[in-house]
There are 2 protein chains.
Amino acid sequence: MSERSVIDWIRKRAPSFGNGVRIGIGDDCAVYTPQAGEELVFTTDFTIEGRHFTRDAYTPREVGYKALARGLSDIAAMAAAPRFALISLAVPDEEFIKPFFLGLFGLARKYNVTIAGGDLSQSDKVHCDIVVCGSVPKGKALLRSGVKPGDFLYVTGPLGVWKNRPIPRLDLSASLLKFAHAAMDITDGLSMDLDRLLIASSLSCEITAAPPIHRGATLEDAWHNGEDYELLVASPKLLTKPFHPIGIAVAGKPGSPLPPRGWDHFR
Amino acid sequence: MSERSVIDWIRKRAPSFGNGVRIGIGDDCAVYTPQAGEELVFTTDFTIEGRHFTRDAYTPREVGYKALARGLSDIAAMAAAPRFALISLAVPDEEFIKPFFLGLFGLARKYNVTIAGGDLSQSDKVHCDIVVCGSVPKGKALLRSGVKPGDFLYVTGPLGVWKNRPIPRLDLSASLLKFAHAAMDITDGLSMDLDRLLIASSLSCEITAAPPIHRGATLEDAWHNGEDYELLVASPKLLTKPFHPIGIAVAGKPGSPLPPRGWDHFR
């Protein structure tokens, strides 16, 4: 199978135009036409065999799904709406390619993500890198540094289990734009991500409640396991489900009072 | 060395704000504020150890330089100006990271490329994926499909040698915006890239002259070797240096009359 025939197969099946993308797959670059009043947010995530998934635990379809879901989760954490993605994929075996993209395209269609381009190559193990671009009204993107003293800290769902097909919380973007001061997605364990959020905002917090625990997980898992893909949100408002309060931001030594014990890629 | 300390090192040295990038490294996403009247172009390229470079032939600094240069060459091919890049890097050994980024940052400063974000991970071999975003006046991006019958076809410099430190032809963007109908960068061998350009424009061509040959290369190399990072340009105007005429676009069976024998990643 030649590179061109693989790319032709992808072009035929990818949702590859529209959504602001004027030129999609096939030229030296993709071309995106910004709308008046929008800001663009960009995230990039590796998904590497043996590091982020194993073939025992994931089907190629699930890898494609999750590679895109990881990026969409970051888009949700900015309270943005997804626009397009660029997919770079290196594989040892061509058989991996089609189911990978079918899993990815399914999720892309669900959330109206245009596949604007990418790169294909060969490698000893599967390496995928995805960039997702989202759109948010100018000045409204939720940053990690936006937490204010007195904000309630929430998580958006039960934590503690590793999910093969996580659901990015794009359903919450509209609420977050209205109510939140700051947000980030929980991917390296709540304890570590809470620490990062508070350091970015130069605040501490008081823990007021345990996070909701996913079926099959322990409280320990809920605090420290990674890969939840729920959001950690700071808001001055009292919010109801799916927002579960876990603490209140306060002045103090920046960071979490709970020792962070999550995932560090170089530790 | 922890992931955070690596990222801190990068943040201190990267040209990471400005150029439209309102929020750079360190949040869930980077935030870019588009200007009125601009379109954005995006390209993504893998640079993989054993595939795109070997450690015998390239220093880590050269790998960082070239990884970004490859993307900038695509930006030049659209007649765009670079804005920012996102860098994903997976390495087996931490020693690789700093010189890689120093090589990359040097080139980024030269062409005013903001480093807006990225991802770091571990892998058995070096895998780098870079996305570069460029800006071009709305509707003016040069596409592969823009060649018109009667256009002169040009290459922008001598071809045929593999370059460790290729110079992206961003110096030509202003001229191309004025004079060109279409452009692409020559990275898989002139014969293959000419074929692709003509197929995208549904045209054939007459070859009128041999391409200029790089010192140390043969005519065969100039036609078929990859990795030149010069541009292939179609223009109705008679252009002078550095534009070297090689042919004229004509109606006919789409593609090059010369058999393409360049680089195909899955052949």
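If amide hydrogens are placed 1.01 Å from N in the peptide plane, which non-local residues have theirs closer than 5 Å to the one on B:Lys237?
Amide H to amide H, under 5 Å and 5 or more residues apart or across chains, B:Lys237 pairs with B:Phe152.
At 7 angstrom along the Cα-to-beta-carbon line, where would the label on A:Trp9 sit relative to the other copies? Give the distances in nm, shortest first.
In nanometres, ordered from closest: 4.1.
With each pseudo-label sitting 7 Å past Cα toward Cβ, what's the A:Asn112-A:Ile207 distance in nm, one decimal?
So the two model labels end up 4.0 nm from each other.
Report the GluC sites (Glu not before Pro) located in segment B:1-79 that are in a DSSP loop and have at most 11 other Cβ atoms inside 10 Å of their Cβ, or state none.
On the way: sites: B:Glu3, B:Glu38, B:Glu39, B:Glu49, B:Glu62; in loops: none.
Filter output for segment B:1-79: empty list.
Given labels modelled 7 Å from the Cα in the Cβ direction, how far is it in nm from B:Ser5 to A:Glu220?
Label at B:Ser5, label at A:Glu220, 2.8 nm between them.
Spin-label point model (7 Å from Cα, Cβ direction): what's the B:Ala174 to B:Lys237 distance in nm?
Those two pseudo-labels are separated by 1.3 nm.
For chain B, what is the mean residue ellipticity at 222 nm derived from helices alone (per DSSP H run of n ≥ 4: -39500 (n - 2.57); sum divided by total residues; nearest 500 deg cm²/dmol)? Intermediate values should be presented prior to the final figure.
Working: 6 runs with 67 residues, N = 267.
-7500 deg cm²/dmol, from helical runs alone.
Just to confirm the numbers: A:Gly139, label point 7 angstrom along the Cα-Cβ line, distances to the other copies in nm, shortest first?
Relative to the other copies, A:Gly139 has label-point distances of 3.0 nm.
Per residue of B:114-122, how many C-beta atoms from partner chains lie within 10 Å of its own C-beta, taken as a mean? Intermediate values should be presented prior to the final figure.
Working: counts 0, 0, 2, 6, 6, 11, 3, 10, 6.
Across the residues of B:114-122, the mean count of other-chain Cβ atoms within 10 Å is 5.
Using the Karplus curve 6.51 cos²θ - 1.76 cosθ + 1.60 with θ = phi - 60°, work out ³J(HN,Hα) for each residue of segment B:179-187 in order, rounded to whole Hz, and write x for Gly and Pro.
Here the 3J(HN,Hα) series is 10, 9, 8, 7, 7, 8, 8, 9, 10 Hz.
Give, as a single signed number, the net charge of other residues whose beta carbon lies under 12 Å from the beta carbon of B:Pro257, with Lys and Arg counted +1 and Asp and Glu -1. List each step's numbers first, then the result.
Values: positive: B:Lys253; negative: B:Asp195, B:Glu206.
That works out to -1.
Using a label position 7 Å from Cα in the Cα→Cβ direction, what is the ascending list of nm distances from A:Pro257 to the same site in the other copies?
Copy-to-copy label distances for A:Pro257: 8.1 nm.
If the reach is capped at under 30 angstrom between alpha carbons, list the lysines near B:Lys125, excluding any in the same chain fewer than eight residues apart.
Counting by Cα, and skipping residues close in sequence, B:Lys125 has these lysines nearby: A:Lys66, A:Lys98, A:Lys125, A:Lys163, B:Lys12, B:Lys66, B:Lys98, B:Lys110, B:Lys163.
Using the Kirkwood radius built from alpha carbon pairs, what does the Stokes-Einstein equation give as D for chain A at 20 °C and 1.002 mPa s, in µm² per second? Please report the intermediate quantities before stating the final value.
Values: Rh = 19.2 Å.
Reported coefficient: 112 µm²/s.
Apply the Karplus curve 6.51 cos²θ - 1.76 cosθ + 1.60, θ = phi - 60°, to the phi angles in segment A:249-257 and return the couplings in whole Hz, x for Gly and Pro.
Rounded to whole hertz, the list is 6, 9, 4, x, 4, x, x, 8, x.
Which residues' amide hydrogens lie under 5 Å from the amide hydrogen of A:Ser135, considering only partners 5 or more residues apart or on another chain, with H built in the peptide plane?
When sequence neighbours closer than 5 places are left aside, the close amide H contacts are A:Val41, A:Ala81, A:Arg83.
Determine which residues of segment B:187-216 fall in the zone a paramagnetic label at B:Val250 would reach in this model, i.e. backbone nitrogen under 11 Å from the point 7 Å along Cα→Cβ.
Those under the cut-off are B:204-208.
Around A:Glu230, which amide H atoms from residues at least 5 apart in sequence, or from another chain, sit under 5 Å from its own amide H, with H modelled in the peptide plane?
A:Ile186
Only the coordinates and a few stated rules stand behind these numbers; no lab work does. Only a predicted model underlies this, so the values are computations on that prediction, with no experimental measurement involved. Cβ sites come from the backbone with ideal geometry, for glycine too, and all protein chains shown count toward neighbours.
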